[in-house]
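Student: I have a structure I would like to understand better, so I am pasting it below and will then ask my questions one at a time.
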Amino acid sequence: MSVSRLWAIMRKEFRHVQRDRRLFFLVIVSPTIMLLAFAYLFSFDATTTRLILLDRDHSPQSRALVQAIATDPDLVIVGEAVSQEELRRAIRAGRVKLALVIPPDFGATLAAGRQAQVLLQGDGADPINSSIEMAALAARLQEWAQAYQPRTLIAPVEVRTLVWYNPDLKSSDSMVPALLAVVLILPAMAVGLAVTREKELGSFESLATTPVRASEYILGKLIPYIIYGLVGAALAIAVSLFWFHVPLRGSVLALAVLTAIYLWASLGISIFIAGFLSTQSTALRAILLIFLVPSFFLTGIVIPIDEQARLTANSLPATHFVAISRGLFLKGLSWQALGPHVFALLVMGTFSVAGAILTFHKRVR
């Protein structure tokens, strides 16, 4: 690989984006505008409530309560924790968004005719789902409590809630970091359009008469759009922090590096797909169909990821960046905790770029 030829292609792309106002707007400005629009417009509902249980009492009363929850078709107990730390790890890892803790004196308090308490704990990184699920479970607990002691003048069970990471359950704190994964698809769209534009102009085939290698061409196209994408991402992140006041509890450096890795994956897939397409209109439709539409419905932004669709969801770069972004902004997760998502993005990007290089080499030679 020649560094001079690589730089020549990169410089050409830098100038092209700077001169083309529509392309510059698409890569730099549009992500922030889309983020503002989606953050104000988006809302979604939760379906089945999944929770983890910590029963510290193991009395007949607590077992009756657990049985009532287990027989409710809208409530699913995914496991029983043996300690508060295990319960917290389950929420931190994203296995569930809701937990129920039954205290040691639950049964004795009810037997004495006094008001007992249980504790609901929710994942504030996903406040809309968490608040809806907590309300649904709280209502079910109150129904059971009234059926257990229907003549009491006070509620026999008092439900208290504790929400981690987003105590006020602000939807913007959860949605804005997740929507970064969607709006940063625009640089991927731009690089796909750039490749197909050269095909339409005939300059793509003329590369066969030049000494430019496939790797130089692909990387020369890719790197400028990653850099411009990072500039657009910086503007969108600034809006997240200073307009929506989303807390950033993780490392700024980690967010920058992982955003670059996400752009590497999404742009790599886009340039690989563009290698098989011949017009900009076809590339635009393909990228919208493959990236934008599934990003709303299969990545956990709009609705929880269905187990039957998890394989498809995990094949989308946006799925992993949604988890990364929420984890960094709200939970302050470490590199180690985000490792599986980072690895998935690196694999996607590397294989896509390698495929694009091989495809380019075959087509122009």
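Student: Would you be able to say whether some residue in the range 155-167 is modelled with pLDDT of 85 or more and assigned to a helix (DSSP H, G or I)?
Tutor: Looking for residues that are modelled with pLDDT of 85 or more and assigned to a helix (DSSP H, G or I), one finds none in the range 155-167, hence no.
Student: Filter the range 106-118 for residues that are surrounded by 16 or more Cβ atoms within 10 Å (Cβ to Cβ) and either out of contact with any Asp or Glu (no Cβ under 6 Å at 6 or more places or on another chain) or among the hydroxyl-bearing types (Ser, Thr, Tyr) (or both) and give the result.
Tutor: Across the range 106-118, the qualifying residues are THR109, LEU110, ALA116, VAL118.
Student: Go through the range 169-193 and count every residue that is under 14 Å from the mean Cα position of the chain (by Cα) and among the aliphatic types (A, V, I, L, M).
Tutor: Adding up the residues that qualify gives 10.
Student: Can you go through ALA283, ALA238 and tell me which one is aliphatic (A, V, I, L, M), modelled with pLDDT under 95 and over 15 Å from the mean Cα position of the chain (by Cα)?
Tutor: ALA283
Student: What pairs come up if the first residue lies in the range 60-86 and is more than 18 Å from SER130 (Cβ to Cβ), the second is among the acidic types (Asp, Glu) and surrounded by 12 or more Cβ atoms within 10 Å (Cβ to Cβ), and their beta carbons are under 7 Å apart, counting only those six or more places apart or on different chains?
Tutor: SER62/ASP55; VAL66/ASP55; GLU80/ASP55
Student: On to the next question. Identify, by number, the condition in (1) touching a residue at least 60 places away in the same chain (Cβ under 8 Å); (2) surrounded by 13 or more Cβ atoms within 10 Å (Cβ to Cβ) that SER2 doesn't meet.
Tutor: Going through (1) touching a residue at least 60 places away in the same chain (Cβ under 8 Å); (2) surrounded by 13 or more Cβ atoms within 10 Å (Cβ to Cβ) one by one, SER2 breaks only (2).
Student: What residue, of ALA81, ALA93, ALA68, ALA99, is loosely packed, with under 14 Cβ neighbours inside 10 Å and among the small types (Gly, Ala, Ser)?
Tutor: ALA93
Student: Restricting to the range 339-365, give me the number of residues that are surrounded by 14 or more Cβ atoms within 10 Å (Cβ to Cβ) and in contact with a His (Cβ under 9 Å, 6 or more places away or on another chain).
Tutor: 5
The values are calculated or read from the model by the stated rules, or taken from the named source; none is laboratory data. Since the model is a prediction, treat every value here as computed from it, not as a measurement. Methodologically, a virtual Cβ is constructed for each residue, glycine included, from the backbone with ideal geometry; neighbour enumeration extends over all protein chains shown.
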